[in-house]
Amino acid sequence: MKTTVSVIKADIGSVAGHCVSHPVLLEKCDEVLGNALEAGIIEDYYISRCGDDIDLIMTHTKGELNEEVHKVAYDAFLQATEIARELKLYGAGQDLLSDTFSGNIKGMGPGIAEMEFEERPSNPVIVYCCDKTEPGAFNLPIYKMFADPFNTAGLVIDPKMHDGFDFEVYDVIENKKVMLSCPEEIYDLLALIGSTGRYVIKNVFTKDGDIAATVSTERLNLMAGEYVGKDDPAAIVRAQSGFPSAGECNEAFAFPHMVSGWMRGSHNGPLMPVSEEYANPVRFDGPARVIGLGFQVSDAKLIGPVDIFDDPAYDETRQLASRAATYIRRHGPFEPHRLPSEEMEYTSLPGVMEKLEPRFEDMDD
Ligand code: 13P
Ligand code: 13P
Ligand code: MG
Ligand code: MG
């Protein structure tokens, strides 16, 4: 029987402003998922949060996009939203765009990362959850894990990885997708995924078609038709024995690369890897954070997690991220700190532009 790992995440309200999900919301989710466990809908679960986003990590044997499993996540978010509204938390119900559930939670606001696989004798799985950034933030680290031999030694020295991996890339603007085979098509892959706001890595497969990694790619503001918040993503990555080792996966976050998001979803800044405890984006609503949770998946149960970035080996990364944050912050409202105009279309800026529009005059020459 195959095991499915489902990560469904949403921001349904936070303290103070867009900073942290209130613990009572996590308690409510725990209650709803606990009931689903008792009812046999899911086999195991772990609830975490990164900033103001709650991440429901569930294991089961019902496959991807399963109605019952998605309904559990939907109910958890809906019931927690009621509490968020009572407490007048900030952005109560922010990512729950619809109050009617039909079939699965796709297109309703929450982000979804799911993978179904045949369990091997041992199954290390790492879940990475972000806040204050977008799905394209995973392009660089996922590329490094599965295609960069300077990050992943196994690509060179492990015969089981030597053939490389296939990358499925989504064009989230045109709603198209393409599969690229690496290392043969590395340059084509990079030509696309360097544009992080448009081309996002959705899945990575072994050359035998086995799932290796998956990323939530839902674009919240495109769904909502207006700026409500950023589509803070989550990713699931399988490790060891034909996949990158757990350490090779985590190494991809040792460089705090620039991602878009941060204040009002409108700024570039570094992605800082932190422990669950420090996933509190307070400085200018950031900088963007990523947490890592390392599990062993065993007969559809979650053993763990290890709080990956709760490690002094990442102190230097965090220091560099802080320095990069200070450097780029000095640009204030100027690019490249503020996102370029095309990206600002999905923020609150068009409202300001609309007001200025009638004052523009044609130039004579
Ligand atoms: P161990 O020898 O500790 O099992 O580690 C092997 C390995 O591949 C580490 O990446
Ligand atoms: P979230 O996407 O995390 O809700 O943040 C939105 C925002 O505007 C932060 O300044
Ligand atoms: Mg929020
Ligand atoms: Mg968020």
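The values are calculated or read from the model by the stated rules, or taken from the named source; none is laboratory data. Just so you know, these numbers come straight off a predicted model, no measurement behind them. Neighbour counts are summed over all protein chains in view; Cβ atoms, including those assigned to glycine, are modelled from backbone coordinates with ideal geometry. With ligands, DNA and RNA removed, areas are computed over all heavy atoms of the protein, side chains included. Shrake-Rupley method; radii C 1.70, N 1.55, O 1.52, S 1.80 Å.
At-a-glance table
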quantity	calculated
For the range 1-136: rounded, prolate or oblate by the Cα gyration tensor [a/c cutoff 1.5]	prolate
Options Cys19, Ser6, Tyr46, ranked by Cα towards positive dipole end of the range 1-76, top entry (Cβ charges)	Ser6
Residue-by-residue Karplus 3J(HN,Hα) for the range 65-81, coefficients 6.51, -1.76, 1.60, Hz, glycine and proline x	6, 6, 4, 4, 5, 5, 5, 4, 5, 4, 4, 4, 5, 5, 5, 5, 4
Residue-normalised accessible area of the chain, given per residue in Å² at a 1.4 Å probe	45 Å²
Three-way shape label, the range 139-291, alpha-carbon gyration tensor, a/c 1.5	oblate
D_trans [Stokes-Einstein, Kirkwood Rh over alpha-carbon pairs] for the range 141-206, 4 °C, 1.567 mPa s, µm² s⁻¹	108 µm²/s
Percent carbon-and-sulfur accessible area, the range 127-255, ignoring ligands, DNA and RNA, probe 1.4 Å	53 percent
Residue order for Met223, Met161, Met263 - accessible surface, 1.4 angstrom probe, largest first	Met223, Met263, Met161
Tail beyond 30 Å, pair distance distribution of the chain (Cα, percent)	35 percent
Charge sum, other residues only, whose C-beta stays under 12 Å from Thr59's C-beta, Lys/Arg counted +1 and Asp/Glu -1	-3
Table column - 3J(HN,Hα) (Hz), the range 311-320, Karplus curve with 6.51, -1.76, 1.60, x for Gly and Pro	8, x, 4, 9, 4, 5, 4, 5, 5, 5
Pairs beyond 28 Å (Cα-Cα), from Lys160/Lys202; Lys176/Lys230; Lys176/Lys301; Lys88/Lys301; Lys62/Lys207; Lys71/Lys301	Lys176/Lys301; Lys88/Lys301
Cys residues of the chain counted as unpaired, since no other Cys beta-carbon is under 4.7 Å	Cys19, Cys29, Cys130, Cys182, Cys249
Computed FRET value (nearest 0.05) for Leu87 with Ala39, which takes r as the C-beta separation and R₀ as 30 Å	0.60
Computed lengthening from Ser348 to Glu119, 0.36 nm per intervening residue step minus Cα-Cα distance	77.9 nm
Rounded to the nearest 10 Å², the accessible area of Ile328 at probe 1.4 Å	10 Å²
Value of relative contact order over the range 285-365, rounded to a whole percent, pairs C-alpha under 8 Å and six or more apart	15 percent
Net charge over other residues, Cβ less than 13 angstrom from the Cβ of Lys144 (K, R count +1; D, E count -1)	-3
C-alpha center-to-center spacing [the range 177-192, the range 206-263] in angstrom	17 Å
Added length on full extension, which subtracts the Cα-Cα distance from 0.36 nm per residue, Ile173 to Ala153	3.8 nm
Cα convex hull of the range 206-357 - mean projected area over all directions, nm²	11.6 nm²
Sites excluded, chymotrypsin sites (Phe, Trp or Tyr not before Pro) in DSSP loops with at most 12 other C-beta within 10 Å, longest stretch of the chain	151-333
P(r) histogram, all alpha-carbon pairs of the range 61-140 included - 10 Å bins from 0, percent	14, 37, 35, 12, 2
Heavy-atom accessible area ranking, 1.4 Å probe, most first, across Ser245, Ser102	Ser102, Ser245
For Glu276, solvent-accessible area (1.4 Å; no DNA, RNA or ligand), Å²	40 Å²
Two-site label geometry, Thr100 and Asp188: point separation in nm, points 7 Å out along Cα→Cβ	4.3 nm
